[in-house]
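Chemist: My questions will all concern the structure given below.
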């Protein structure tokens, strides 16, 4: 008996048709689908650039704030000038320059009325860029002393003695300034007279020794200098 091959032929043709349709549909899908590019997810693996790096922080410390150019004034109490005031300019925390006016109000010393004033230029150097300084002051000092003397046979007569001297005053000390500008200081040194001239209302031979000693002690001799406190404002 001979069987017909027609059903087998139809099945094979249907299989080829289905395979062709699936290939066509897959090609259309691949052409329509967008191309996806892989995106880096690990930023740590990517080399950093200047834009990625955070801006450096401003680490200006207290010293940087303190050691900028500052202008102001300080006042002090000490010896031999009980009161002093000094305009000052601090340059970068290394050098301070100023001009000092000092005064001793009229007072009585061993029966002698004495007063004093001085003008000086001043330089401080901060060798360690800190609070410690080495300073030098160069100035002029005027001292007056007066009393009453008895001159025979003329009786009592006023005696006035004045001494003008130029001096140098090397010293060391500490000067602290905070960020707000408040300034405190202490210092000590030696005052050395360079030249001195005396003016007397009477001949020196008639001037009492107390007057001459007072004037010489304040302006004509080597003296220790001490500033117990300096306080001011430097902005």
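Just so you know, all these numbers are worked out from the coordinates, no wet-lab data involved. Predicted, not measured: the structure shown is a model, and the values here were computed from it. Because the Cβ atoms are built from the backbone with ideal geometry, glycine has one as well, and the counts that use them run over all protein chains shown.
Chemist: Of the conditions (1) surrounded by 14 or more Cβ atoms within 10 Å (Cβ to Cβ); (2) more than 25 Å from the chain's Cα centre (by Cα); (3) more than 25 Å from residue 107 (Cα to Cα), residue 184 fails just one. Which one is it?
Modeler: Single failed check for residue 184: (2).
Chemist: Taking the range 160-185 as the region of interest, how many residues are more than 21 Å from residue 222 (Cβ to Cβ) and either without any contact (Cβ under 8 Å) to a residue 40 or more places away in the chain or out of contact with any helix residue (DSSP H, G or I) (no Cβ under 6 Å at 6 or more places or on another chain) (or both)? Break it down stepwise before answering.
Modeler: Applying the first criterion (more than 21 Å from residue 222 (Cβ to Cβ)) to the range 160-185 yields 160, 174-185.
Checking the rest, the ones that are also either without any contact (Cβ under 8 Å) to a residue 40 or more places away in the chain or out of contact with any helix residue (DSSP H, G or I) (no Cβ under 6 Å at 6 or more places or on another chain) (or both) come to 160, 174-176, 178, 180-185.
The qualifying residues number 11.
Chemist: Just one of the numbered conditions (1) over 23 Å from residue 100 (Cα atoms); (2) under 46 Å from the mean Cα position of the chain (by Cα); (3) in contact (Cβ under 8 Å) with a residue 60 or more places away in the chain; (4) surrounded by 14 or more Cβ atoms within 10 Å (Cβ to Cβ) is not true of residue 147; which one?
Modeler: (2)
Chemist: Okay, moving on. Check 196, 162, 221, 207 and return the single one that is more than 25 Å from the chain's Cα centre (by Cα) and farther than 18 Å from residue 140 by Cβ.
Modeler: Going through 196, 162, 221, 207 in turn, the sole match is 207.
Chemist: Considering the range 94-136 alone, what residues qualify as being surrounded by fewer than 19 Cβ atoms within 10 Å (Cβ to Cβ) and outside any strand (DSSP E or B)?
Modeler: 94, 110, 111, 127, 128, 129, 130, 131
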